[in-house]
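Enquirer: Sending over a structure as structure tokens; questions will come in a sec.
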Amino acid sequence: MMNYYDHFILPFAIGVTVLFTVILYKWIRWFVRMPQEDRRLVLRGIPTRQTLGAIGEVFMESLLHRRIWRVNPLLGYMHTSLAFGWFLLIAVGWVEASLQLPGEIIPLHAHVFFKFFAPEVDYGITGGLLGNIMDLLLLFVLSGVALAWFKRMRSKALGMQRTTKHVLGDRIALAALWFIFPARLVAESATSGLKHSTTFLTGNLGEWMVNTFGTEAIMHFSVYAWWFYSIVLGIFFVAMPFSRYMHIFTEIPLIFLRRYKVHSYEKAKSFDRFQIEACSRCGICIDPCQLQKDAGITNVQSVYFLRDRRYNRLTQEVAYNCLMCGRCETRCPVGIELNTLRLNSREKFAAMPADNRYAYLSSAADRSSGTSKVGYFAGCMTLLTPKILRAMDAIFKAAGEEVWYADKDGGVCCGRPLKLSGEVEAARRIMDFNRDLFRKHGITTLVTSCPICLKVFREDYHLKGIEVLHHSQYILRLIQQGRICVEHGHNSFTYHDPCELGRGSGIYEEPREVISQIGSLLEVDENRENALCCGSSLANIAINDAQQNRISQALAHELADTGADTVVTACPLCKKAIARNASQEVKDLSEVVAEALGQ
Amino acid sequence: MVQFGYNISQPRAINMDKNDMMISQKILRTMPELQTCIACGSCTATCTAGAITSFNFRKVHTLVRRGEYKGAYEEMNKCMLCGKCRLSCPRGINTRGVVMLIKQELGEYR
Ligand code: SF4
Ligand code: SF4
Ligand code: SF4
Ligand code: SF4
């Protein structure tokens with residue numbers, strides 16, 4: 001045992017001890033604080049196939065970083081070489097050390113500083129071969145480090161317009177990480193030179209060093225080199241659990257928990273920590289954010305939001321300033337539920353719910369009219385855009401549909417705007433009122449023109465026995481059933497995917513099918529999952545009018561570039577936002593259909 | 001008397017020297033755009049909550065700006081944050097932000 005001790009290993013040993021103590025402490029604490037149901041999900045999930053799937057996913061994502069390859073191959077290579085390369089260095093190094101180091105028990109650090117403790121480098125076939133493999137792996141990792149340096153200087157080459165602005169702790173850890181492998185190369189080369197190794201990288205470099213500077217100098221130098229290598233390792237390990245690099249050890253349990261169907265929720269809970277600390281601050285979420293691109297707001301993107309929330313310095317300004325458009329969430333390589341985390345961070349800033357909140361919601365607030373199994377909920381925003389209301393009326397009439405109008409003459413909001421503002425409890429009261437209203441009038445189908453309402457009806461209302469449809473789905477159904485006919489004309493249309501309808505509810509095809517029955521459809525570059533936000537999202541409570549307008553301008557510009565005669569969307573709020581800056585006509589899907597109604 | 005659908009507000013005096021303007025000033029500092037309000041009343045006219053209650057958004061935020069805080073918190077709590085007012089405001093004021101801010105600042109004035 002004593003053979004394997006030298007003072008220089010101390011920084012490394014301390015670093016590793018701190019690292020694993022902190023990680024274990026965090027994991028146990030987060031897990032124990034998880035609500036009962038979450039823990040039950042985990043226990044039930046462990047003996048299932050999901051565990052195997054999670055192991056595979058850990059390999060694909062945490063080591064190979066498959067999803068980052070999709071963002072940009074060079075960026076993917078950088079992450080793979082660092083993560084997978086380092087992993088292989090540890091694994092192969094372990095084999096190498098176990099085969100060649102004498103003694104029964106080989107302590108951990110002897111693997112790490114193998115070249116230093118090896119009695120004679122690369123003796124025998126195993127040694128020569130493994131030594132060369134290790135050199136190759138080191139070169140693989142070093143290429144990743146070089147790319148990381150390069151990325152700092154020229155991020156665009158790696159497909160990123162903007163990179164994350166890092167905090168001090170991250171900078172320390174990052175600097176240490178950059179030095180680890182060059183330091184390892186130098187230290188191993190020095191020792192290899194002294195021990196006359198013949199491996200292609202460290203052996204040759206060592207030989208050159210000895211020949212150039214002399215054995216004496218390299219002997220002295222190697223002591224410092226090993227110290228330096230140990231110190232940077234130690235610094236990195238100590239900084240790791242407190243910096244962005246905690247993501248390495250958080251993504252692994254996160255992948256398992258996600259497979260066991262644990263999710264974040266509109267109220268904050270302990271599982272959120274697993275998601276928050278799994279963020280690697282890669283900054284991939286910055287470029288897609290229109291607040292950054294168009295409105296010049298640069299401190300609220302998901303990477304900064306998660307960072308602030310993690311270090312308990314989240315301000316109301318950052319929590320509130322987000323459109324919850326979901327553009328970042330679809331790109332996050334870790335798959336963090338960014339919208340939900342933003343949402344559940346807002347509750348602590350919201351006003352305390354008063355007991356008599358919305359006591360005025362009695363039967364007096366029932367302004368509904370008509371009787372039918374089919375209900376229509378216009379939604380507040382549709383009431384502000386009466387053309388949509390009239391178009392829906394025309395469509396109902398053409399189809400011969402009797403309709404119960406929930407809110408044509410004024411109604412109660414669906415509750416989603418309140419929920420998005422963090423007033424979750426208050427929102428519940430509104431939702432309960434509307435749900436009772438739907439039940440009281442005995443509808444079995446609920447059509448709405450507003451994707452915001454649609455989403456909350458589907459996700460929070462628990463409307464068992466009532467089918468909830470967006471008007472785009474309903475209209476398509478009427479056409480397919482032959483209940484209405486539309487005439488195909490010569491107009492060209494472009495379609496804007498509303499966030500809450502597309503990314504929010506997964507409805508992309510129905511509006512497109514309806515449009516293509518009426519005219520030709522010209523797509524914008526960024527559509528479907530990548531569609532832009534109109535900027536007026538109710539989820540953003542902090543944005544001002546000028547900023548909203550700039551986002552709308554950029555979108556209107558994109559839409560105009562298609563050259564289409566008419567812009568079609570399927571959300572009254574998007575319609576209003578786009579119309580502010582559009583050079584063509586902007587219509588809701590229902591208006592287009594109503595105008596094309598044939599006999 | 002013939003009813004034309006109009007009525008006249010009761011005259012009332014607000015003594016700006018007596019009122020504690022601290023909170024009002026803080027609100028205007030946080031959301032300076034509120035100073036651009038022209039009191040047109042569009043917000044109140046479209047208001048979802050105003051259609052089923054006596055809640056009058058313009059009146060409440062105007063009174064708060066004048067240092068009249070009493071009852072403002074309860075009134076603002078009637079708002080459903082639906083956002084119609086923001087879309088109809090000719091000055092582009094972030095009215096939902098105003099509601100939340102007033103509630104935050106006046107929470108203890110219940
Ligand atoms: S939220 Fe996702 S995309 Fe953004 S920095 Fe974190 S890991 Fe990267
Ligand atoms: S949800 Fe949209 S607005 Fe919010 S941070 Fe992500 S991209 Fe930006
Ligand atoms: S957000 Fe509030 S004040 Fe504005 S229209 Fe809706 S209910 Fe009225
Ligand atoms: S709509 Fe805007 S400008 Fe008009 S009273 Fe309301 S807040 Fe003031």
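The values are calculated or read from the model by the stated rules, or taken from the named source; none is laboratory data. Nothing here was measured: the structure is a model prediction, and the numbers come from that model. Cβ atoms come from the backbone with ideal geometry, glycine included; neighbour counts cover every protein chain shown. The protein model used for the area step is the full one, side chains on, heavy atoms only, and it has no ligands, DNA or RNA in it. Shrake-Rupley method; radii C 1.70, N 1.55, O 1.52, S 1.80 Å.
Enquirer: Looking only at segment A:545-574, which residues are within 14 Å of chain B (Cβ to nearest Cβ) and open to solvent by less than 50 Å² (accessible area, probe 1.4 Å)?
Expert: Within segment A:545-574, A:545, A:547, A:548, A:549, A:551, A:552, A:571, A:572, A:573, A:574 qualify.
Enquirer: Still on this structure, please answer the following. Please state which one of A:330, A:315 is open to solvent by 10 Å² or more (accessible area, probe 1.4 Å), hydroxyl-bearing (Ser, Thr, Tyr) and within 14 Å of ligand 2 (Cβ to nearest atom).
Expert: Residue meeting the stated conditions: A:330.
Enquirer: Could you check segment A:300-314 and list, in sequence order, the residues that are of a type in the set (S, T, N, Q) and under 17 Å from residue A:349 (Cβ atoms)?
Expert: Hit for segment A:300-314 is A:312, nothing else.
Enquirer: Which one is most open to solvent (accessible area, probe 1.4 Å), of the residues in segment A:376-402 that are assigned to a loop (DSSP other than H, G, I, E, B) and in contact with a Lys or Arg (Cβ under 9 Å, 6 or more places away or on another chain)? Before you say what the answer is, go through the steps one by one.
Expert: Applying the first criterion (assigned to a loop (DSSP other than H, G, I, E, B)) to segment A:376-402 yields A:378-379, A:385, A:400-402.
Then keep just the ones that are in contact with a Lys or Arg (Cβ under 9 Å, 6 or more places away or on another chain); that gives A:378, A:385, A:400-402.
Numbers: A:378: 0, A:385: 11, A:400: 63, A:401: 40, A:402: 124 Å².
My answer is A:402.
Enquirer: Okay, moving on. Within segment B:68-107, track down each residue that is within 15 Å of ligand 4 (Cβ to nearest atom), more than 7 Å from every other protein chain (Cβ to nearest Cβ), in contact (Cβ under 8 Å) with a residue 40 or more places away in the chain and part of a loop (DSSP other than H, G, I, E, B).
Expert: B:89, B:90, B:91, B:93
Enquirer: Might you check whether a residue that is surrounded by fewer than 17 Cβ atoms within 10 Å (Cβ to Cβ), under 30 Å from residue A:304 (Cβ atoms) and within 14 Å of chain B (Cβ to nearest Cβ) occurs anywhere in segment A:352-369?
Expert: The answer is yes, given that some residue of segment A:352-369 is surrounded by fewer than 17 Cβ atoms within 10 Å (Cβ to Cβ), under 30 Å from residue A:304 (Cβ atoms) and within 14 Å of chain B (Cβ to nearest Cβ).
Enquirer: Here's another thing I want to ask about it. Looking for whichever is of a type in the set (Ser, Thr, Tyr) and exposed (fewer than 15 other Cβ atoms within 10 Å of the Cβ) here; the options are A:191, A:212, A:164. Which one fits?
Expert: A:212
Residue-wise test of (1) out of contact with any Pro (no Cβ under 8 Å at 6 or more places or on another chain); (2) aromatic (Phe, Trp, Tyr).
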position	(1), (2)
A:182	yes, no
A:195	yes, no
A:234	no, no
A:237	yes, yes
A:243	yes, no
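Enquirer: I would also like to ask the following. Looking at segment B:41-52, is at least one residue within 10 Å of chain A (Cβ to nearest Cβ), more than 20 Å from residue A:349 (Cβ to Cβ), touching a residue at least 12 places away in the same chain (Cβ under 8 Å) and of a type in the set (A, V, I, L, M)?
Expert: There is at least one residue in segment B:41-52 that is within 10 Å of chain A (Cβ to nearest Cβ), more than 20 Å from residue A:349 (Cβ to Cβ), touching a residue at least 12 places away in the same chain (Cβ under 8 Å) and of a type in the set (A, V, I, L, M).
Enquirer: For segment A:451-464, state whether one or more residues are of a type in the set (Phe, Trp, Tyr) and either open to solvent by 30 Å² or more (accessible area, probe 1.4 Å) or in the same structural domain as residue A:268 (by TED's automatic domain parsing) (or both).
Expert: No, every residue in segment A:451-464 fails to be of a type in the set (Phe, Trp, Tyr) and either open to solvent by 30 Å² or more (accessible area, probe 1.4 Å) or in the same structural domain as residue A:268 (by TED's automatic domain parsing) (or both).
Enquirer: Would segment A:419-441 turn up any residue that is in contact with a Pro (Cβ under 7 Å, 6 or more places away or on another chain) and assigned to a helix (DSSP H, G or I)?
Expert: yes
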